[in-house]
Amino acid sequence: MGTSGLPPPGEYNKLTRVAPNQGFWVLAAIPAGCIEAEFNTEPAPPPGPTSVAATSLQTRPEVPEASTCIQLAARSGEVVDAGNWFGVTTEALAWKRPKPPTAPSGLSLYLDMEDYGVGYGTCIVPQNQRNHVWEVAVQSQAGQEVELYLPDTSRLAGELAVWLDDLATGKKTDLRHAQGYSYKARSSQRQFKLWLGKRTGSLQIMGVTTQSTSAGAHIAYTLSAEADVAIKIRNIAGRLIRGIPCGTASDGLNTATWNLRNATGAPVPSGTYLCTVTAKASDGSQTTAVRTLHVKR
């Protein structure tokens, strides 16, 4: 289903024909009685599978020229919901357009759900709003494979980044440069946060070195920018042996130590281990470096 257009308050659009398999929903801004309508109906053809080609895509909102308006789409198999737009407008007021409820066995993406259950397909906030963050809800059937992606980034300014934060897993994805973000739905609704802002620069981990003695292991690494750092030690089979939280590390050279003990405090045997250094910047960007570490007893 889609919207046929929202007229100004007090005005109405008159529809004289309902296409096969087309439905309507009514959003009342104030308490209202039941709206009755009469139609001359004709038998509709049996519904067939919805294909990508047959999916109706919402037209890009006509925002002011200097505004940022980006399309966000959800896909599951051959079903696509691409009628979603977020961004920033130079005008003083936000642009919001409500969206119909999810059809049974359907797929829908909503921006900024309201307390009374209505979500938006278009949500473009004023430029002077402090944070450009959207609450995203994706409704689907449990067990479905779902992908979120940006169909077209050609209108996105070069200095801007779009980050998607999966609140179920804590994973952040750079949607501008990634193919998309995929997940398997555990329930009928998945919650995300969507961030739009200027890139803080490419985060890099450089010059990772490891050195082991009988007393412990010394780990050194260099960051291109300040970031939260965590180090994990695994055995050669990939099993986690010990985590070493480092907190916020500054740009430049940083060091950490490992006492050659596992998570329970027992000494680890001699052998080769994998040292993984993960850094996460304040804009959500994340990078990882892996080096081997040799322990001799």
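A compact table of results
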{"quantity": "Among the candidates Gly106, Gly87, residue that is more than 16 Å from Tyr181 (Cα to Cα) and in contact (Cβ under 8 Å) with a residue 40 or more places away in the chain", "calculated": "Gly87"}
{"quantity": "Those residues of region 99-117 which are under 20 Å from the mean Cα position of the chain (by Cα) and surrounded by 15 or more Cβ atoms within 10 Å (Cβ to Cβ), in sequence order", "calculated": "Lys99, Thr102, Gly106, Leu107, Ser108, Leu109, Tyr110, Leu111, Asp112, Met113"}
{"quantity": "Residue satisfying all of: in region 216-228; touching a residue at least 40 places away in the same chain (Cβ under 8 Å) and small (Gly, Ala, Ser); nearest to Val277 (Cα to Cα) among these", "calculated": "Ala227"}
{"quantity": "Residue in region 187-201 that is of a type outside the set (Asp, Glu) and either in contact with a helix residue (DSSP H, G or I) (Cβ under 6 Å, 6 or more places away or on another chain) or more than 30 Å from Tyr110 (Cβ to Cβ) (or both) present", "calculated": "yes"}
{"quantity": "Selection within region 242-297 - more than 30 Å from His177 (Cα to Cα), polar (S, T, N, Q) and assigned to a loop (DSSP other than H, G, I, E, B)", "calculated": "Asn259, Asn262, Thr264, Ser270"}
{"quantity": "Output for region 144-165, where each listed residue is modelled with pLDDT under 85 and not in a loop (DSSP other than H, G, I, E, B)", "calculated": "Leu160, Ala161"}
{"quantity": "Residue match in region 182-205 (condition: of a type outside the set (Phe, Trp, Tyr), assigned to a strand (DSSP E or B), over 30 Å from Trp85 (Cα atoms) and at pLDDT 90 or above)", "calculated": "yes"}
{"quantity": "Qualifying residue in region 69-92 (condition: within 26 Å of Gln139 (Cβ to Cβ), at pLDDT below 85 and either buried (at least 17 other Cβ atoms within 10 Å of the Cβ) or assigned by TED's automatic domain parsing to the domain that holds Ala178 (or both))", "calculated": "no"}
{"quantity": "Condition met for Ala289 (in contact (Cβ under 8 Å) with a residue 60 or more places away in the chain, of a type in the set (A, V, I, L, M, F, W, C), outside the structural domain of Leu164 (by TED's automatic domain parsing) and farther than 30 Å from Leu167 by Cα)", "calculated": "no"}
{"quantity": "Any hit, region 221-233, residues being basic (Lys, Arg), outside the structural domain of Ala161 (by TED's automatic domain parsing), modelled with pLDDT of 90 or more and closer than 30 Å to Lys193 by Cβ", "calculated": "yes"}
{"quantity": "Selection status of Ala142, loosely packed, with under 14 Cβ neighbours inside 10 Å, closer than 20 Å to Glu62 by Cβ and in the same structural domain as Lys193 (by TED's automatic domain parsing)", "calculated": "no"}
{"quantity": "Any hit, region 208-222, residues being in contact with a Lys or Arg (Cβ under 6 Å, 6 or more places away or on another chain), in a strand (DSSP E or B), among the aliphatic types (A, V, I, L, M) and farther than 30 Å from Leu167 by Cα", "calculated": "yes"}
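The values are calculated or read from the model by the stated rules, or taken from the named source; none is laboratory data. Computed from a predicted structure; not experimentally measured. Please note: Cβ atoms are built from the backbone with ideal geometry, for glycine as well, and neighbour counts cover all protein chains shown.
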